[in-house]
Amino acid sequence: MNQEYHQSLENSIREMESKGTLKRLRYLQSPMDARVRMEGKGEIIILSSNNYLGLSNHPQVIQAGREALQHYGAGTASVRFICGTFSIHRELEQKLASFMGSEAALSYVSCWNANTGAIPVLVGEGDVIISDELNHASIIDGVRLSRARRLIYKHADMEELEERLKSCQDAGTRLIVTDGVFSMEGDLAPLQRIVELARAYDAVTLVDDSHGTGVMGRGGRGVAEHFGVLGQVDVITGTLGKALGGAAGGFVASSSQVIELLTQSSRPQIFSNALPATIAASALKAVEVLEGNSSLVKKLHDNAEYLRAGLRERGFHPLDAPSAIIPILVGETSFAIRMSEKLLDEGIFVTGFGYPVVPEGKARLRVQSSAALERADIDQALEAFSKVGTEVGLL
Ligand SMILES: Cc1ncc(COP(=O)(O)O)c(C=O)c1O
C-alpha cells in the first residue's frame with residue numbers, strides 16, 4: 001500500500017467533513033415505501049426517493065421478481081450476444097417499446113449505462129451534439145465519450161438552441177440532447193419547440209426521461225406524452241430504477257434501426273452482462289401495473305400539489321414546476337445538509353444537494369412526491385418543515 005497516497009485521500013475527505021459537505025449513507029432496514037425503518041433513526045417518512053408510483057414494494061412487482069429468480073436462476077454469466085439473453089429481456093423490451101410508443105427498445109443495467117453506451121454510437125466524428133447546460137451527468141459523460149463536437153445551450157433557452165443549430169448546419173448529424181424532467185429543478189424541457197426546431201433544422205432528438213417516465217402525461221409515458229409529441233422524439237432513454245419498480249436498469253426506446261445498431265455496437269451491450277432477469281421481470285410487471293392503473297399517476301400529482309401548496313402556506317418558496325420534484329433553494333451546501341439532518345431528526349428524510357451536483361450557492365432540499373404517500377404522511381412532514389425552518393432561521 002502506498003501510505004502517502006491513501007493519506008492524501010484521507011486529507012481530502014477530512015476537508016469535505018470540515019466544510020460540512022461530506023455525504024453520509026443512510027441504511028434502510030425495510031423496503032422503500034412512504035415510511036421506512038432507518039438504522040439508528042427508527043420509522044421515518046421518505047420525501048427523497050424516486051419511488052414515484054410506490055411500486056418498489058408493490059406485491060405484484062415483488063412476486064414477478066421472485067418468480068423470475070426461480071425460473072431463470074441468478075443470471076446468465078455472460079454478455080448478451082455470447083449467451084447472455086433471456087426471453088424475459090425480449091418481453092421487457094417489447095413492453096417498453098409499446099409503452100413508449102416506439103418501434104423497439106433495448107434494456108441496459110442502468111440509464112447511466114444507456115446514456116453513456118448509446119450516445120457514442122448515435123454520433124461520432126464530424127457530427128455535433130447540442131446539449132442543455134443542465135443535463136444530467138450521465139448525458140454529459142455520454143457526450144464526452146463520443147467523438148462528436150459539443151455545443152451547449154443555456155438551460156431550456158430555445159433561441160440559443162436555434163442559434164446553435166444554425167451554426168452547425170454543415171456538420172454531419174446534429175443531435176439535440178436534453179433531460180425530459182430536470183432532476184435538480186423539476187422543470188421540463190420545452191419538448192414541443194425542441195421537436196419543431198429539430199424538424200426545421202434537420203436534427204435528431206434524444207430525451208433522457210428518467211424523471212418523466214411513469215410521472216408525466218396522463219398514462220405516465222413521460223414528457224413526450226405530456227406535450228403531445230409521443231412518437232416524434234427520435235430516441236428516448238429512461239430508467240427502471242425510479243418509477244418503474246426502482247431496483248435498477250435503464251432503456252433506450254427508438255426506431256428499429258437505432259436499437260439494432262446499439263445491439264451491435266453499444267459497448268455495454270457487447271462487453272458487459274445484461275440486466276438481471278429478476279429485475280427485468282419486476283420492471284415489466286411495474287409497467288403492466290401502471291398501464292392498468294393510471295390513478296397512480298394522478299395520486300402522485302395530487303400529492304405533489306398538496307406538498308407544494310403546504311410548503312408555500314408555511315412560508316417556503318419551492319420552485320414551481322409540473323413534475324414530482326419540488327426543490328427548495330437554501331443557499332450554501334452546508335446549510336442544505338444541516339437542514340436535511342435536522343429534518344431527519346424529526347423523522348423526515350429529504351436530501352440536501354449542494355456543489356458539485358448543483359452550482360455553488362444554489363444548494364437545495366429536494367422534496368419528491370410519491371403515490372405511496374398518504375395525506376397524514378404529508379401533513380406530518382409539513383409540520384416538521386415548519387419546525388426546522390424556524391429553528392434554522394429560514395422562516
Ligand atoms: C436524468 C437522469 N438520467 C439518468 C440517471 C441515471 O439513472 P440510473 O440510476 O438508471 O443509472 C438519473 C439518476 O439519477 C437521472 O436523474
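Derivation of every value follows stated rules applied to the coordinates shown; laboratory data play no part. Note that the coordinates shown come from a computational prediction; the quantities given were computed from them, not determined experimentally. Neighbour counts are summed over all protein chains in view; Cβ atoms, including those assigned to glycine, are modelled from backbone coordinates with ideal geometry.
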One finds the C-alpha centres of the stretch 351-395 and the stretch 61-134 to be spaced, in Å, by 33
Work out, step by step, the length gained on full extension between Ser167 and Gln29: first 0.36 nm times the residue separation, then minus their alpha carbon distance; give nm to one decimal. 44.3 nm
Normalising by the residue count of the chain, find the relative contact order in percent from Cα pairs under 8 Å and 6+ residues apart. 22
Could you state the angle between the C-alpha long axis of helix 87-100 and the longest principal axis of the C-alpha atoms of the chain, as a value from 0 to 90 degrees rounded to the nearest 10? 80
Can you tell me the length gained on complete extension of the stretch Asp202 to Tyr355, counting 0.36 nm per residue apart and subtracting the Cα distance? 51.4 nm
Name the residue farthest towards the positive end of the dipole of the stretch 47-171 from the options His136, Ile62, Ser110, assuming +1 on Cβ of Lys and Arg, -1 on Cβ of Asp and Glu, about the Cα centre. Ile62
³J(HN,Hα), Karplus 6.51/-1.76/1.60, whole Hz, each residue of the stretch 134-144, x for Gly, Pro: 9, 4, 4, 4, 6, 6, 4, 5, x, 5, 4
Mean Cβ neighbour count within 10 Å, used as a protection proxy, ranking 383-391, 282-290 highest first: 282-290, 383-391
Residues Glu39 and Ser334, FRET efficiency given R0 of 22 Å [Cβ-Cβ distance, rounded to 0.05]: 0.40
Among residues other than Met38 whose Cβ falls under 14 Å from its Cβ, what is the net charge (Lys/Arg +1, Asp/Glu -1)? -1
With r as the distance between the Cβ atoms of Gln70 and Ile152 and R0 = 56 Å, compute the FRET efficiency 1/(1 + (r/R0)^6) and round to 0.05. 0.70
Given 0.36 nm per residue, what is the gain on full extension from Ala309 to Glu260 after removing their alpha carbon distance, in nm? 13.0 nm
When only C-alpha pairs under 8 Å and at least 6 residues apart count, what is the relative contact order of the stretch 59-291, in percent? 30
Which FRET efficiency value, to the nearest 0.05, is calculated for Thr85 and Gln60 with the Förster distance at 25 angstrom and r the Cβ-Cβ distance? 0.55
Cβ-Cβ cut-off under 15 Å around Glu67, Lys and Arg +1, Asp and Glu -1: the net charge is 0
Size of the dipole of the stretch 142-222 about the Cα centre, Lys and Arg at +1 and Asp and Glu at -1 on the beta carbon, nothing else charged, in debye to 20? 320
So, by mean Cβ neighbours within 10 angstrom, what's the order for 44-56, 254-266, 7-19 with the highest one leading? 44-56, 254-266, 7-19
Using unit Cβ charges (K, R positive; D, E negative) and no other charged atoms, how large, in debye to the nearest 20, is the dipole of the stretch 221-292 about its Cα centre? 220
Could you tell me the relative contact order of the stretch 237-353? Use alpha-carbon pairs under 8 Å, at least six residues apart, and round to a whole percent. 13
Computed magnitude of the charge dipole of the stretch 293-393 (debye, nearest 20; Cβ of K, R +1, Cβ of D, E -1): 240
Along the dipole axis of the chain (charges at Cβ: +1 for Lys and Arg, -1 for Asp and Glu; origin at the Cα centre), the most positive-end residue among Ser87, Gly361, Ile236 is Ser87
With unit charges on the beta carbons (Lys and Arg positive, Asp and Glu negative) and the dipole taken about the Cα centre of the stretch 59-291, which residue among Tyr72, Ser256, Gly245 sits farthest to the positive side? Tyr72
Counting Lys and Arg as +1 and Asp and Glu as -1 over every other residue whose Cβ sits under 11 Å from the Cβ of Gln257, the net charge comes to -3
